[in-house]
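The values are calculated or read from the model by the stated rules, or taken from the named source; none is laboratory data. Just so we're clear, the structure is a prediction, and the values are computed from it rather than from any experiment. Backbone-built Cβ (ideal geometry, glycine too); neighbour counts: all protein chains shown. Heads up: the accessible areas ignore ligands, DNA and RNA and are worked out on the full protein's heavy atoms, side chains in. Shrake-Rupley method; radii C 1.70, N 1.55, O 1.52, S 1.80 Å.
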Amino acid sequence: SSIQFWLNCLAVHLAPRLFNIEEQTPPAMAPHMTPIVDDPTAWKAADVSDQSKWTFKLTDEMVKEIDAALEATKEKEIFSIAHGDTELPALSQVLNGILSEIEGGVGFAVLSGLPVERWGEEVTKRALWILGRHLGFAEVQDKAGSLIHDVKDHGLKPDENATVRYFQTNVAIPFHTDGCDIFALCCFSQGASGGRSRLSSATTAFNEILKRRPDLAKVLQEDYYFDARGQRPDGKSCQVHPIFTYHEGKMNMLHKVPYIMSAQRLEGVPKLTAQQQEALDVLDAVMNEEDNVLEFDLHPGEIALCTNHAVCHGRSAFEDTGAPGKTRYMMRLWLTIPNGRMLPPHYADTREYMHTYVRRMPNDISVMDGSMGRLLMNSGVPQDDAIWSGRSITEEQYHPKVVEAHRKYIDAGSDLITTNNYTVQPHYYRKAFPTDWESRIAKDSETAARLAKEAIAESKPSRPVRIMGCLPPLCESHRPDLASDFITKEGEDFIKKIYRSIGEALIRGGPVDVFIAETMNTIQEAQLAIDAVKDLEPPIIVSMEGALRNNQLKPQPQEAAAVAEMILKAKENGAKIEALTFNCAPPEDIIACFKVLNDTGLTAQLRAAGIVMGVYANLHDRKKLLDGEAQATTAGFTVQSGFSNPLAVRKDLAGAGVLNVMQEFVRCGASYVGGCCGSTPEQIGLFAKALDEVHESDVHPGARPCKRRRMRLRSN
C-alpha cells in the first residue's frame, strides 16, 4: 500500500540516525538517471562468443621472458619484486593489448599458455605476481593485507560465520564484482567437475532495466547497505553505496547481492523496501538471461582478466576429488591499472576501491620551504632565551634577513613559504614582553606576513608562490601535556581569540594565501585553531606534530585516524580545509601516521573530500631525546633545551640523503613536501630539481587537471 511504501521510506532515512549508521558509513553520492549507455562493454553473449577474439596466447619467446624474470628475481621475496626488476619486452606488448581490451574494449580477456605444471605452485604464484606488476599495482584484498588470494574450497560455507567469503567455498557464486579496477585469476588446477566461469555485462544489464523498468533503474542508483564481512580496515560492519553509478561518461557497478542480504542481520540496517528487493530480483534475472551470459572453462595455465566496473563475474558450483589435478585451485590478484577510469567519489569509502582511489589521484607535488630559525640565527640574528629566533621579527634591523631567508627558499624552488611568526605566541611573549605582549602578537604577525610578501616581490619567481600564514602552538612545541594544561587554564575562548587575532593580522600584512596551523600538539589545539579562522577568507592547512606524541612523549601513530576524522568533520561543517600535514618529527614516525591513514582508508576519504596530504620532517637526530631515552626526565623540547642539547642533523638525512625520505613521503601520498628543523634551502633545491614537469597527456584518466610537477619515482 502507499502507506506501507512511505513507512519503508521513512525507515530508510531514520534508521541510520537511530542506530548511528550515518556516522559509520557516510552517504554515497546522489543518484543519477542516465540515458542508454553506449559503450563497448554493453555486449550480449553472441557478440563475444568467439573466444579467439579475447584470448591472448603466450609464445615460446614470451614464456622464456617470464622464465628469465623468475630466475633474475629468485632471491627476492615475492611481494618485493617491482615492475622495474624484470623486463618483458615481447610480452609487454601483449599485456598492453589486454589493458586496452579491458578498459576500452569488451572488458575482459584471457591470457593462456603459462607452463604451470612445470613451474609448480610457488613459482606460478611468483609468475602471476610479476605479470601483475607489469599490468598495474596489486592492492590488498582483505583486512589482513593479503595481496594474493588462494581461490579454492577451504571447507567453509558462506553462512558459517560473518567473515567467510565466497572464494573460500565450493558453492555457486552469483554475479558480482570484486575490488580494484580488474582481477587476474590464474588457474593452477581445474578440479573434478563444475566451476565454470560466467560473465555478464553490467552495462547491458543496466540498459535493459532502464528500457524495461526505468523506476527500478533509479532505485539501483540509490543507496544499499552491504555487509563488509569483517574486511574493512576501520572495522565498520557495513558500507553504503549504490549498485550502479554513472560517472564521467561511464557506468560503474559495485555489487554483491549476498552481502546485501547478509547486511540485513546487522543492527540498525533498514530492511529492504519492496521496491529495492524487486530491483535486485530484476537485476539478477536480467544478468542471468541466456543471451546475456558468457560461460567458459578456465584451464590450467590460463589467466582470466576482467574489469570490476562494467562486467560481472560468477561461477558454477564445483566438486573436488582430492586426486592429483582434481582440486580446483585458482590464484587471484586485484589490480589498479594505469589506464583505469575516473572513479566516483564515494568509492573512496569502500573497502574494494579505497586504495585504487588514492593511487588514481594525481601525484602533483608542491614544494614547501624548510627551516627558518636556524637559517636566521646563522645569518646573524641573535638567539633569545625567550623567543628563540623571534628577534628577527621583533627588531626591524633584522627584517632584511627574514626577506633574504624567504628568498633563498623561493629561489631554490619552494611553491609555499611560511610566515616567520612561529614564536609569536602568548607563552613566549608574556615572558619577553610582559606589559604589551598581546598587541605585539598582532603587530608582529602582521609584520611576518608583510616580509614574506616582500620576499616574493623581490624574487620575482616565474611560478606562483603562495604564502602560508603560521598559526603556531600557543604554548610549547612537542608538549601535548603542557598544551592541554594551557588550554584548560586559559580557556578555549582565549585560545580562539589569540588565533583569530593572528589570523586577521596575517591577512592585513599579506594577505596570506592559506593558513597553516603548525605543529599542533593535540587534536583539541588544532580544532580551536580551525574554529578561530574558518570564516576568514584563506583556506586552512592543518599540520600536526608528526609523531602524535602522548603526554609521556611516546609516538602514537594510531591517533592519525582520529585526526583525519576530525579534519573530515571540520570540512563537512564548512571549514575550508586544504591539506592535512605532519611535521617536525622523525621521518619514520610520520610514515607510521601515513600508514595508519592508508590502511584505514582515511587517505582515500581525505582525497575524496578535496584534502591533500603533506609532510615536512625534522632532520635532527633527536628521536632519542624526544622519546625520553636520552634523559631521565620527560622534559621534551623547549627553547632552553634546544640550546642546551644541540642536535646534529642525522647522517642519513644530511645533504642529498633527504631525497630518499622525501621520495618515500611521495610514495605514501604526500602532495605538499618540504623540510622542518635541520633542513636547508640547498636541500629544498635538490628536491625541487627532482621533480618533472607534468603535461596533461601524461596524467592518467581519473586525474584532476594537472598542476605543475611530480616526483620521479623509482619503479615499484
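Working note: 222 nm ellipticity from helices only, DSSP H runs with n ≥ 4, each -39,500 (n - 2.57), summed and divided by the residues of the chain, gives -11500 deg cm²/dmol to the nearest 500. In region 278-398, Cα pairs under 8 Å separated by at least six residues give a relative contact order of 8 percent. Rolling a 1.4 Å probe over the protein heavy atoms gives the chain an accessible area of 39 Å² per residue. The heavy atoms of Val151 offer some 10 square angstrom of accessible surface to a 1.4 angstrom probe. When the surface is traced with a 1.4 Å probe over the full set of protein chains, Met62 keeps roughly 20 Å² accessible.
Counting only the Cα atoms, the chain fills a convex hull of 177 Å³ per residue. For region 268-361, GluC sites (Glu not before Pro) meeting the loop criterion (DSSP other than H, G, I, E, B) and having at most 16 other Cβ atoms within 10 Å: Glu289. With a Förster radius of 25 Å applied to the C-beta separation of Ala72 and Gln51, the computed FRET efficiency comes to 0.15. Across the chain, Cα pairs under 8 Å and at least six residues apart give a relative contact order of 14 percent. With the Cα gyration tensor of region 194-326 giving a ≥ b ≥ c as the square roots of its eigenvalues, does the rule (a/c under 1.5 for rounded; else a/b larger than b/c for prolate; else oblate) give rounded, prolate or oblate? Cα axes put region 194-326 in the oblate bin. Could you tell me which of rounded, prolate or oblate describes region 166-242, using a ≥ b ≥ c as the square roots of the eigenvalues of the alpha-carbon gyration tensor, with rounded for a/c under 1.5 and, failing that, prolate when a/b is larger than b/c and oblate otherwise? Because a/c hits 1.5 or more and a/b fails to exceed b/c, region 166-242 counts as oblate.
Restricting region 47-124 to trypsin sites (Lys or Arg not before Pro) that sit in a DSSP loop and have at most 14 other Cβ atoms within 10 Å of their own Cβ leaves Lys74, Lys76.
Projecting the Cα atoms of Cys475, Leu416, Tyr246 onto the charge dipole of the chain (Cβ charges, centred on the Cα centre) puts Cys475 farthest toward the positive pole.
Counting DSSP beta bridges in the chain, what percent are antiparallel, to the nearest 5? Bridges in the chain that DSSP calls antiparallel: roughly 60 percent.
Against the chain, whose longest principal axis is taken from its Cα atoms, helix 523-533 shows a tilt of about 70°.
When you filter the GluC sites (Glu not before Pro) in region 358-412 for DSSP loop state and at most 16 other Cβ atoms inside 10 Å of their Cβ, you are left with Glu395.
Extension gain for the segment Asp535 to Glu295, taken as residue separation times 0.36 nm less the Cα-Cα distance, is 80.5 nm to one decimal. The mean sequence distance of close C-alpha pairs (under 8 Å, at least 6 residues apart), as a share of the length of region 378-524, puts its relative contact order at 27 percent. Overall, the chain carries a charge dipole of about 860 debye about its Cα centre when +1 sits on the Cβ of Lys and Arg and -1 on the Cβ of Asp and Glu, all other atoms neutral. Helix 560-572 and the longest principal axis of the Cα set of the chain meet at an angle near 90°. For the chain, carbon and sulfur atoms together expose 52% of the accessible surface, with a 1.4 angstrom probe and every protein chain in place.
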